[in-house]
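Everything below concerns the one structure shown next.
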Amino acid sequence: MLQHPVSRGFRCINRHKTFVLPAICLLIFGLYICMHMRHLMIDIEDDSPSFSELRYLDDSQMTAAVKEMTRFAWRNYVKYCARPYTGNDLDPIKRACSPVPDVLLGPRQLVTAVDALDTFAIMEMHEEFEEARQMVTGGKRAALSNVTVSVFETCIRLLGGYLGAYSFTQDSRLLAEAVAVADRLAESFSDTRSLNRNDLVLLKKNSPRPNSTVDFETKLLAATGTLYLEFVYLSHITGDKKYEQWVTRNHELLMKAPNVQGLYPMEMTPEGMPLTPDPVYSAGGGGDSFYEYLVKKCLYSKNPDPKCTRDYTAALDSIMKCMTVQVSPVSDLLCVVNVKKPCNAKQQLNATCTMEHLTCFLGGTYALAYMMNPHRTDWLRFAERITHTCYLSYFHSPIGLGPEIFKYNATSRKFEADPDRDFYILRPETIESIYYLHYVTGHKKYRYWGKKILLAINASTRTPTGFSGVHKILSNKTIFDNTQQSFFLAETLKYLYLLFQPNSRLSLDQWVLSTEAHLFPTVLRVSKAIRNLEGVTNDPGSLLLDTVQTMLQQPTSRGYPYLFRHTKIVLPAICLLILMPYLYMHQRYMIIGIGPLIPDDAATDLKLIDINEAEMTVAVKEMTSGPVECRFAWRNYVKYCARPYTGNDLDPIKRACSPVPDVLLGPRQLVTAVDALDTFALMEMHEEFEEARQMVTGGKRAALSNVTVSVFETCIRLLGGYLGAYSFTQDSRLLAEAMAVADRLAESFSKPDSLNRNRLLLWKKDLPRPRNLTVDKEGTLLADSGTLYLEFVYLSHITGDKKYEQWVTRNHELLMKAPNVQGLYPMEMTPEGMPLTPDPVYSAGGGGDSFYEYLVKKCLYSKNPDPKCTRDYTAALDSIMKCMTVQVSPVSDLLCVVNVKKPCNAKQQLNATCTMEHLTCFLGGTYALAYMMNPHRTDWLRFAERITHTCYLSYFHSPIGLGPEIFKYNATSRKFEADPDRDFYILRPETIESIYYLHYVTGHKKYRYWGKKILLAINASTRTPTGFSGVHKILSNKTIFDNTQQSFFLAETLKYLYLLFQPNSRLSLDQWVLSTEAHLFPTGINPLRSRMHG
């Protein structure tokens, strides 16, 4: 092109190729990166627990293991270190005391005993607690005299240890020891114009003090900024305000120090100035607990002032924005690194992922901040990603333990120890964050991670006489460091214990854990925390764009006139070049969510806790049937539709039967009664079940003769309904009805070289069949032909008649041979399986949806699915993610799955808008089920979460709280809005279905909160005096009913809502599979005739 400029544009490019070609290359590279960011998931070796591993984690066994390790560590400390009262920490190799902490705390302070007191209390280890209490209050601990101590270490270990134990016992002896320690540290705060002294010489009282008592040179940010909780709590329980005054004045001086958007230099002078001209900013060693206490200071306070909230908000947002590095362009993982110039985009782009173990506390701190600000879902997401990184530093380690400093190796795609810092000294930070995230989210994987770490600690650090840190974890030989740190009992084992306890064991709206994990009570209720985030800038690209705009408006250099002479070519290129790093930076940081841009429904901790599963179960049951006087779904169907046996679905407005499904299933099939059978069985609604069973097996249902039916609808509703009820009861009458329905559909499969017929005229038996009326010659829908497998195969299995399985197996094989694009099939096909049109549509919504669902459930149902079965659904699911997915906006984590005409066409995807069908919302559940079978595919689980979040927001943004049939993303209002031509809700189940599956797999409480909101909206907007009805025009202020209570409302919607509020044991998904109509079939894993638990 450039050598043969045949057009004016090409000649121009050729003249200016020095400028334009680099721009074009960078644009292509930027698009490549963005596409990878949108579609590629984690490419780093990960540890994915199998579903059974998550399910069978025995919390009581893990609790017993932690207590045994605690007792073992303590007994050896007592035996070799405490009883002679010779030191602080145990050296389990030499079977003596380790001298290491003496230089920080002074000799013979019995630090391990003090540090472990509230650990014994929380674990209810009464004997050990009493032993330690007698030891540290019985005069065996040396006086703090003639020693040099670290004020920071003395505060968090000794003062904090005594106070944590006092909070459990109210023992005045412990309080007296705490007061004695605090008073000995008074000299640290004597200079009111300077930050506190950290290294302090404590002489005997009344002795003249030498001039060398203070470390004039350096103040570490963490050492100065981590004293608040201990001294303030001491003031509160003693009534002596001096302790609070000391640290409050110190904190105020520190917060006045020069900072960069809430980030402070790691090293300072006594006056609070940076120690060097080019200071380091760190959230690791030297800075870590300062940022932790910014959050916990507010968490502890009853009514934190707005400045307290602003301080930690600014710091947390700046750590995300200015100190965070993405591990690789195609990874979801993050590192937080030390920087010299915070908020310098160039420095961040060039930074490598090198992270300290100490920095891993951040996951827990962000989780706590999220608890106080539940609308800041970006903080929770950041916590999850950072903690995942920290856990992988353990998983990738040869001995399963995280090194002191680790780096990401792009070649091996693993986190590896820094060769100079490849040791593990029993640190707690990663376990701490895992505990907090489990507390906040309830996700079972965090307990799995904790179990793996616990086992690694026990395997690699345990000696015959205690636990020891290890050096050279990269080598094959274990080299102990000869120290059982006091914080091993104070923090590491305490967090492991709490991880396997219910949240009620330690309520974080009543307790705050110090940086040494000592427990102080707080009167703060997390859900009432201050939420205003004043003056926080959420857009990392705004400054860049403003600067460029100013440059272009003021051409003051030689280069600018050149730009303006060639604006048609050069300026668009420059603007796009600027835009690409901007989008890239947004992809790196704002998908974390620096300030949520789309209005979201943040379930506060209190909202989650207040969901009463028993009450919600009763509500669902009441909606399903309820007392006669309540006039709800089933009773009104029986009254107005079933008893006269006139139709299928209820019209609750006309108080009669709705004729709508007759064209699909034929009249008088009592579809609602058949569809609801296994819902009643599952809900243990025995009276309703028996009533429905008698109705559908007592000859009241019309014969399937002289009617045109949809094979698909007849299969999923009637055949599936009878089979689902049979799976509970083994009632031969129900099985006979199922066989009768299946046999009437035999004609659909009569042509072995064609796909099944879907529109079928069922004529009276033994009468000649009219020609040209039995088949829909035009074509078949993918979902119609691809959603018959489960019902017919299960019927074969329980009857022993293989013909039903042969029909659908042959049909499935023909369908899978059809032309496809990487596992995606045209929505409309000819009977021969060819695309119906030259330019076919590919859809995971209406017309395609349940085909992809059954690809997964076909394998889930089978006892030993063949590899081809797995390959088929894997190809389809990966292609839906890669080829049919649109990110809602460049700064959002939300996704849409759209219909496409040219799958896997990058240009088409970039131009696609987020328009999604409610029917497509089943995908979240399907991906969650696929993840259950393939737990290493964490990208599938993440995709399920993101799609389901989008679908839930279509409800949340709706004026009546119900999701429309088709919704679009409106970039102006930043909301999902109904398509004006399809703004109706017909009691559909798909979003609730996905919410149920995700709650089953993850255990996250937010899904029950979402379900509760949808249940209440259904009850408020679709309930009539005589049943439930879909609604039209949900964008208007006036409710317009569609006059139909769909049969799937009882079969699916209410069933999924019921299951959502049940424990997983109510319906085990490794023993049962739910059809596309939510009918229940036992899987091959389960003996065929076994009954459901409960």
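The values are calculated or read from the model by the stated rules, or taken from the named source; none is laboratory data. None of the values given here were measured: they were computed from a predicted structure. With ideal geometry, Cβ positions are generated from the backbone for all residues, glycine too; neighbour counts draw on all protein chains shown.
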Tell me, which residue of region 956-995 that is assigned to a helix (DSSP H, G or I) and touching a Pro at 6+ places or on another chain (Cβ under 9 Å) is farthest from residue 1067 (Cα to Cα)?
982
Suppose we filter region 999-1029 for residues that are touching a helix residue (DSSP H, G or I) at 6+ places or on another chain (Cβ under 7 Å) and of a type in the set (Val, Ile, Thr); how many remain?
3
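Yes or no, residue by residue, for (1) in contact with a strand residue (DSSP E or B) (Cβ under 8 Å, 6 or more places away or on another chain); (2) among the polar types (S, T, N, Q):
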position: 292; (1), (2): no, no
position: 301; (1), (2): no, yes
position: 306; (1), (2): no, no
position: 316; (1), (2): no, no
position: 324; (1), (2): yes, yes
position: 329; (1), (2): no, no
position: 334; (1), (2): yes, no
position: 338; (1), (2): yes, yes
Enumerate the pairs (first residue in region 809-833 and in the same structural domain as residue 856 (by TED's automatic domain parsing) and within 16 Å of residue 866 (Cβ to Cβ); second residue anywhere and at pLDDT 90 or above and among the acidic types (Asp, Glu)) with beta-carbon separation below 7 Å, excluding pairs fewer than 6 apart on the same chain, so at least 6 apart or on different chains.
816/872
Taking first residues from region 245-256 that are outside any helix (DSSP H, G or I) and second residues anywhere that are surrounded by 18 or more Cβ atoms within 10 Å (Cβ to Cβ), the pairs with Cβ under 7 Å that are 6 or more apart or on different chains are 256/272
If I filter region 626-633 for residues that are surrounded by fewer than 18 Cβ atoms within 10 Å (Cβ to Cβ), modelled with pLDDT under 65 and in contact with an Asp or Glu (Cβ under 8 Å, 6 or more places away or on another chain), do I get at least one hit?
yes
Number of the exception - residue 473 against (1) under 18 Å from residue 404 (Cβ atoms); (2) under 32 Å from the mean Cα position of the chain (by Cα); (3) at pLDDT 90 or above
(3)
Single unsatisfied condition, residue 461 versus (1) under 27 Å from the mean Cα position of the chain (by Cα); (2) surrounded by 20 or more Cβ atoms within 10 Å (Cβ to Cβ):
(1)
Filter region 279-335 for residues that are under 20 Å from residue 261 (Cβ atoms), aromatic (Phe, Trp, Tyr) and assigned to a helix (DSSP H, G or I); the one that is farthest from the chain's Cα centre (by Cα) is 290
For residue 962, are the conditions met, namely being in contact (Cβ under 8 Å) with a residue 60 or more places away in the chain, under 23 Å from residue 873 (Cα atoms) and among the aliphatic types (A, V, I, L, M)?
no
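So is residue 295 buried (at least 23 other Cβ atoms within 10 Å of the Cβ) and either within 19 Å of residue 430 (Cβ to Cβ) or touching a Pro at 6+ places or on another chain (Cβ under 8 Å) (or both) or not? Can you show your working first?
Numbers: buried (at least 23 other Cβ atoms within 10 Å of the Cβ): yes; either within 19 Å of residue 430 (Cβ to Cβ) or touching a Pro at 6+ places or on another chain (Cβ under 8 Å) (or both): yes.
Criteria met by residue 295.
Could you please find all residues in region 98-109 being modelled with pLDDT of 65 or more, over 18 Å from residue 470 (Cβ atoms) and surrounded by fewer than 24 Cβ atoms within 10 Å (Cβ to Cβ)?
We begin by selecting, within region 98-109, every residue modelled with pLDDT of 65 or more; these are 98, 108-109.
Within this subset, residues satisfying the condition of being over 18 Å from residue 470 (Cβ atoms) are 108-109.
Of everything in region 98-109, just one residue is modelled with pLDDT of 65 or more, over 18 Å from residue 470 (Cβ atoms) and surrounded by fewer than 24 Cβ atoms within 10 Å (Cβ to Cβ), namely 108.
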If you check every pair at least six apart or on different chains, which have Cβ atoms under 7 Å apart with a residue in region 94-117 that is part of a helix (DSSP H, G or I) first and a residue that is modelled with pLDDT under 75 second?
102/87; 111/101; 111/105; 113/82
When only residues in region 976-1014 that are out of contact with any Leu (no Cβ under 8 Å at 6 or more places or on another chain) and among the aromatic types (Phe, Trp, Tyr) count, which is surrounded by the most Cβ atoms within 10 Å (Cβ to Cβ)?
1010
When the residues of region 393-433 are narrowed to those that are in contact with a Leu (Cβ under 7 Å, 6 or more places away or on another chain) and among the aliphatic types (A, V, I, L, M), which ends up modelled with the lowest pLDDT?
417
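Which helices (runs of 4 or more DSSP H) sit wholly inside region 341-423 and have at least 1 residues that are in contact with a Lys or Arg (Cβ under 8 Å, 6 or more places away or on another chain) and crowded, with 24+ Cβ neighbours inside 10 Å? It would help to see each step written out before you state the result.
Working: elements: 345-350, 362-372, 377-395.
By residue number, 362-372, 377-395.
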Name the residues in region 1046-1081 that are assigned to a loop (DSSP other than H, G, I, E, B) and among the β-branched types (Val, Ile, Thr), would you?
1076
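If you scan region 889-938, which residues turn out to be of a type in the set (Asp, Glu) and touching a helix residue (DSSP H, G or I) at 6+ places or on another chain (Cβ under 7 Å)? Lay out the reasoning, then the answer.
Within region 889-938, the first condition is being of a type in the set (Asp, Glu), and the residues that meet it are 893, 917.
893, the sole residue that qualifies.
I want to confirm something. Restricting to region 476-520 and keeping residues that are of a type in the set (Val, Ile, Thr) and surrounded by fewer than 17 Cβ atoms within 10 Å (Cβ to Cβ), which single residue is modelled with the lowest pLDDT? If you could, list the steps in order and put the result at the bottom.
Taking region 476-520 and keeping what is of a type in the set (Val, Ile, Thr), we get 478-479, 483, 492, 512, 515.
With surrounded by fewer than 17 Cβ atoms within 10 Å (Cβ to Cβ) added as a condition, the list becomes 478-479.
Details: 478: 77, 479: 90.
Selected residue: 478.
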Report every pair of residues separated by at least 6 positions or lying on different chains whose Cβ atoms are under 7 Å apart, first residue within region 895-907 and closer than 13 Å to residue 951 by Cα, second surrounded by 14 or more Cβ atoms within 10 Å (Cβ to Cβ) and charged (D, E, K, R).
895/946
Kindly list the number of the only condition in (1) more than 20 Å from residue 807 (Cα to Cα); (2) in contact (Cβ under 8 Å) with a residue 24 or more places away in the chain that fails for residue 735.
(1)
What are the residues in region 314-359 that are closer than 28 Å to residue 940 by Cα and among the small types (Gly, Ala, Ser), if any?
328, 331
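Restricting the search to region 842-862, which residues are more than 30 Å from the chain's Cα centre (by Cα) and either closer than 21 Å to residue 1084 by Cβ or among the basic types (Lys, Arg) (or both)?
none
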Identify the residue in region 154-193 that is more than 16 Å from residue 236 (Cα to Cα) and in contact with an Asp or Glu (Cβ under 6 Å, 6 or more places away or on another chain) and, among all such residues, is surrounded by the fewest Cβ atoms within 10 Å (Cβ to Cβ).
156
Would you point out the residue of region 916-939, among those that are charged (D, E, K, R) and more than 18 Å from residue 848 (Cβ to Cβ), that is nearest to the chain's Cα centre (by Cα)?
939
Report, by residue number, each residue of region 733-752 that is hydrophobic (A, V, I, L, M, F, W, C) and surrounded by fewer than 22 Cβ atoms within 10 Å (Cβ to Cβ).
735, 736, 739, 740, 746, 749
If you go through region 828-841 one residue at a time, how many are under 17 Å from residue 812 (Cβ atoms) and under 39 Å from the mean Cα position of the chain (by Cα)?
1
Sort out which residues of region 246-271 are of a type in the set (Asp, Glu) and either at pLDDT 90 or above or buried (at least 17 other Cβ atoms within 10 Å of the Cβ) (or both), and write them in order of number.
252, 267
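Would you point out the residue of region 890-938, among those that are among the β-branched types (Val, Ile, Thr) and assigned to a loop (DSSP other than H, G, I, E, B), that is modelled with the highest pLDDT?
Narrowing region 890-938 to residues among the β-branched types (Val, Ile, Thr): 891, 897-898, 900, 913, 915, 920, 926, 938.
With assigned to a loop (DSSP other than H, G, I, E, B) added as a condition, the list becomes 891, 898, 913.
Values: 891: 69, 898: 92, 913: 85.
Only one residue fits best here, namely 898.
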